[in-house]
Amino acid sequence: MWNEQKRLLESQLAPSERLLWSGMPRQGLILRAEDVYLIPFSLLWGGFVIFWEVSVLSTDAPFFFKLWGVPFVLVGLYIMVGRFFADARQRGKTYYGVTNERVIIVSGLLSRKVKSLNLRTLIDISLDEKSDGSGTITFGATNPMSWWSGGMSFPGWGPQPTPSFELIREARKVYEIIRSAQRQPA
């Protein structure tokens, strides 16, 4: 994993750049604060649509009604279970890097997306640190309504999330590396 991460990030560097730090978000299935709301909602949604679909399938309802519930069942299964696996897979394909010139985020499930932020133009950098030293570094102002999705993004829906190094180890150390690199002359 480390060699792939380093190779991928180094392939993004300009000749004058040096990689100061690289990392990945925490791996595996995780629960987020938003799940306090999303889990009960997903269980209600999923329970209702599965009950409705089973009821329709066990009667002489028209074929259209039987088909009508399928998309709702699929969405219910995704918000109940699938989103946890999609989130874990997305984090497994995300790599972070800090160079002497910029912050790099490489991510994507189906295609590779590279987000590059110049250190000299970054104004709003915030650190959210947990007691174990892990945390999230956010680059820019966060959308006040971003909490509603709870890490559950659907392609094409809503605004793009604020770029961040999410769920990294030693977040304060990385934050200080970024701040130090910003203070260096161009």
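Key figures
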| read-out | value |
| --- | --- |
| Hits in the stretch 121-161 (condition: at pLDDT 95 or above and polar (S, T, N, Q)) | SER126, SER131, SER134, THR136, THR138 |
| Hey, LEU74 surrounded by fewer than 13 Cβ atoms within 10 Å (Cβ to Cβ) and not hydroxyl-bearing (Ser, Thr, Tyr) or not | yes |
| In the stretch 103-117, residue farthest from LYS6 (Cα to Cα) [restricted to those that are of a type in the set (A, V, I, L, M) and touching a strand residue (DSSP E or B) at 6+ places or on another chain (Cβ under 9 Å)] | LEU117 |
| Test: residue in the stretch 102-112 that is assigned to a loop (DSSP other than H, G, I, E, B), over 18 Å from the mean Cα position of the chain (by Cα), buried (at least 19 other Cβ atoms within 10 Å of the Cβ) and modelled with pLDDT of 95 or more | no |
| Cross-chain or 6+ apart pairs with Cβ under 7 Å, the stretch 1-29 first and at positive phi, then among the small types (Gly, Ala, Ser) | GLY28/ALA88 |
| Residue in the stretch 81-93 that is surrounded by the fewest Cβ atoms within 10 Å (Cβ to Cβ), counting only those that are charged (D, E, K, R) and part of a helix (DSSP H, G or I) | ARG89 |
| Residue satisfying condition, being aliphatic (A, V, I, L, M), over 21 Å from the mean Cα position of the chain (by Cα) and closer than 20 Å to ASP87 by Cα, within set LEU19, LEU29, LEU43, LEU38 | LEU43 |
| Every residue from the stretch 34-80 that is without any contact (Cβ under 8 Å) to a residue 40 or more places away in the chain and in a loop (DSSP other than H, G, I, E, B) | SER58, THR59, ASP60, ALA61, PRO62 |
| Hits in the stretch 9-33 - residues which are assigned to a loop (DSSP other than H, G, I, E, B), of a type in the set (S, T, N, Q) and surrounded by 14 or more Cβ atoms within 10 Å (Cβ to Cβ) | GLN12 |
| Check on TYR96, under 23 Å from the mean Cα position of the chain (by Cα), modelled with pLDDT of 95 or more and hydroxyl-bearing (Ser, Thr, Tyr) | yes |
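The values are calculated or read from the model by the stated rules, or taken from the named source; none is laboratory data. Model, not experiment: these values are computed from the prediction. Neighbour counts are summed over all protein chains in view; Cβ atoms, including those assigned to glycine, are modelled from backbone coordinates with ideal geometry.
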